[in-house]
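Notes follow the structure.
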Amino acid sequence: MFEKILIANRGEIALRVHRACQEMGIQTVAIHSTADADAMHVRLADESVCIGPAPAAQSYLNIPAIMAAAEITGAQAIHPGYGFLSENARFADIVAEHEITFIGPTAEHIRLMGDKIAAKQAVADAGIPVVPGSEGGVTSDTEAKKVAKEIGYPVLVKAAAGGGGKGMKVAPAAKDLPEALKTARAEAKAAFGDDAVYIEKYLGRPRHIEVQVIADSHGNVVHLGERDCSLQRRHQKVLEEAPSPALNEGERAEIGDIVVKAVKKLGYLGVGTVEFLYEDGAFYFIEMNTRLQVEHPVTEAITGLDLVREQIRVASGAKLEYKQKDVVFEGHAIECRINAENPVTFAPSPGRITQYHAPGGLGARIDSAVYAGYSIPPYYDSLIGKLIVSGRNRNECLMRLRRALHEYVIVGIETTIPLFDRILAEQEFVDGQYHIHWLEQLLKEE
Ligand code: MV4
């Protein structure tokens, strides 16, 4: 087992990884920019190294500085968290070249899943259902037109190097396809330097359901159920829950089994999340994430597992301690992402927190690295905390969520806490009847 892990991240996820390490008796090295000198993960870590100025490109994305920090502190492994370098295959390669363990999948799998065309081909070959569409990329408008005619309009043009909604354009009918192709290619070229695109049947009101999976280096793969992440705004998840209110036990077991078989065939290592669109009882693969996700705590709440501990264990070569039959799903969990943003305009609201009181009590967990007197820097994403409530069933979670939100006091900046009272007031949400466009329609943004 590792003696010292460098945490190549900041904020709540850096604290989250630090906590798992502490419980495992592993020393932690925090890295931070000059803007994060007073951050909680720096204060709690066993060691810390300032790796550069505030802008992420000069700090949290600065691979030479991070590798230097690992070398001088003697870290045996690096945990990338999520975002930043967590799905950067070149970083994973460089870490391995320094004979340091990258706590995650191999660079090969990170690279594979980063290419949405290759990823779709690989998972389809491994038995995962995919959205009907082009066999690989489309290289000409003529080819695109032929595919679109076969699958039927509306179709969606997607960037091979895309993800998170970038470089996506809907073509409602044949007349719209040339423009959609042109715009998607241009956006993809600008955003990723790669204008390869592919075509899929456009699903109008799907849910976004993702399956958590974990694999060790001994061929053992287990799924940890699903999360419903349909409540999104501009491709940013706002609220996630497990299990999905849309699935029954049969569907849950079926998609879990399909994912486990496919991940085994791929020879995948570590935690991973297979993302699906779910519409009219059918699952359609869209992407696979090769990192620990922001919303992992809802899975922890219903399985009782510590996913960061599991990641560290399998990265060190340890075997999973359980088989699929040993994973028991108990109760329900809901996570709300609290952002330092205006709850109506969503304009960022950095600044100094003058008063802070977090909820507590039965079934309320707060993953946050802020405190009274802390100043939210303007350089990074606006997530300041995750409120995760868990209970015996969904209704208990909804009651607990209302109670916990009303306990949450953050003074000095604006936050999105009021948004959740608004969502909880909607009967459709209370009934679990929502899809990926529901929130934007509620906010009249669509
Ligand atoms: C889709 C889709 C509808 N049909 N693919 C958005 C980003 C990336 N995860 C894939 N996305 C979508 N792919 C087909 N064939 C709708 C979306 C989509 C979406 C997916 C999940 C969660 C929120 C979303 C918001 C807008 C569009």
Select, from A122, A148, A96, A107, the only residue that is modelled with pLDDT of 95 or more and within 16 Å of the ligand (Cβ to nearest atom).
-> A148
Residue list for the range 125-145, restricted to those being of a type outside the set (V, I, T) and either more than 16 Å from the ligand (Cβ to nearest atom) or more than 20 Å from E279 (Cβ to Cβ) (or both) = D125, A126, G127, E135, G136, G137, S140, D141, E143, A144, K145
Qualifying residues in the range 152-167 (those that are within 19 Å of the chain's Cα centre (by Cα) and within 9 Å of the ligand (Cβ to nearest atom)) - the one surrounded by the fewest Cβ atoms within 10 Å (Cβ to Cβ) = G164
So which residues in the range 14-53 are assigned to a loop (DSSP other than H, G, I, E, B) and surrounded by fewer than 17 Cβ atoms within 10 Å (Cβ to Cβ)?
-> M24, G25, A37, D38, D46, P53
Residues being in contact with a Phe, Trp or Tyr (Cβ under 8 Å, 6 or more places away or on another chain) and exposed (fewer than 15 other Cβ atoms within 10 Å of the Cβ): count how many of those fall in the range 250-270.
-> 0
Would a scan of the range 178-195 turn up a residue that is touching a strand residue (DSSP E or B) at 6+ places or on another chain (Cβ under 7 Å), surrounded by fewer than 23 Cβ atoms within 10 Å (Cβ to Cβ) and in a loop (DSSP other than H, G, I, E, B)?
-> yes
Of all residues in the range 200-249, which are over 16 Å from Y434 (Cα atoms), touching a helix residue (DSSP H, G or I) at 6+ places or on another chain (Cβ under 7 Å), of a type in the set (S, T, N, Q) and open to solvent by 20 Å² or more (accessible area, probe 1.4 Å)?
-> S217
Answer yes if at least one residue in the range 314-327 is over 16 Å from G256 (Cα atoms), away from the ligand (no atom under 14 Å from the Cβ) and in a helix (DSSP H, G or I), and no otherwise.
-> yes
Do we find a residue being modelled with pLDDT of 95 or more, hydroxyl-bearing (S, T, Y) and under 18 Å from L15 (Cβ atoms) anywhere in the range 385-407?
-> no
Determine, yes or no, whether I209 is in contact with a strand residue (DSSP E or B) (Cβ under 8 Å, 6 or more places away or on another chain), among the β-branched types (V, I, T) and more than 13 Å from the ligand (Cβ to nearest atom).
-> no
What are the residues in the range 217-229 that are part of a strand (DSSP E or B) and either over 26 Å from E310 (Cα atoms) or more than 16 Å from the ligand (Cβ to nearest atom) (or both), if any?
-> V221, V222, H223, L224, G225
Filtered residues of the range 287-306 (kept if of a type in the set (A, V, I, L, M), under 14 Å from S86 (Cβ atoms) and part of a helix (DSSP H, G or I)) = none
With the range 341-446 as the region, which strands (runs of 3 or more DSSP E) entirely inside it contain at least 2 residues that are under 25 Å from the mean Cα position of the chain (by Cα), surrounded by 16 or more Cβ atoms within 10 Å (Cβ to Cβ) and in contact (Cβ under 8 Å) with a residue 24 or more places away in the chain?
-> 364-368, 383-391
Selection within the range 198-216 - in a strand (DSSP E or B) and over 18 Å from K116 (Cα atoms) | R207, Q212, V213, I214, A215
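The values are calculated or read from the model by the stated rules, or taken from the named source; none is laboratory data. Because the structure is a prediction, the values reported are computed rather than measured. Glycine gets a Cβ as well: all are built from the backbone with ideal geometry, and neighbour counts include every protein chain shown. Just so you know, the surface numbers come from the protein's heavy atoms only, side chains and all, with ligands and any DNA or RNA stripped out. Shrake-Rupley method; radii C 1.70, N 1.55, O 1.52, S 1.80 Å.
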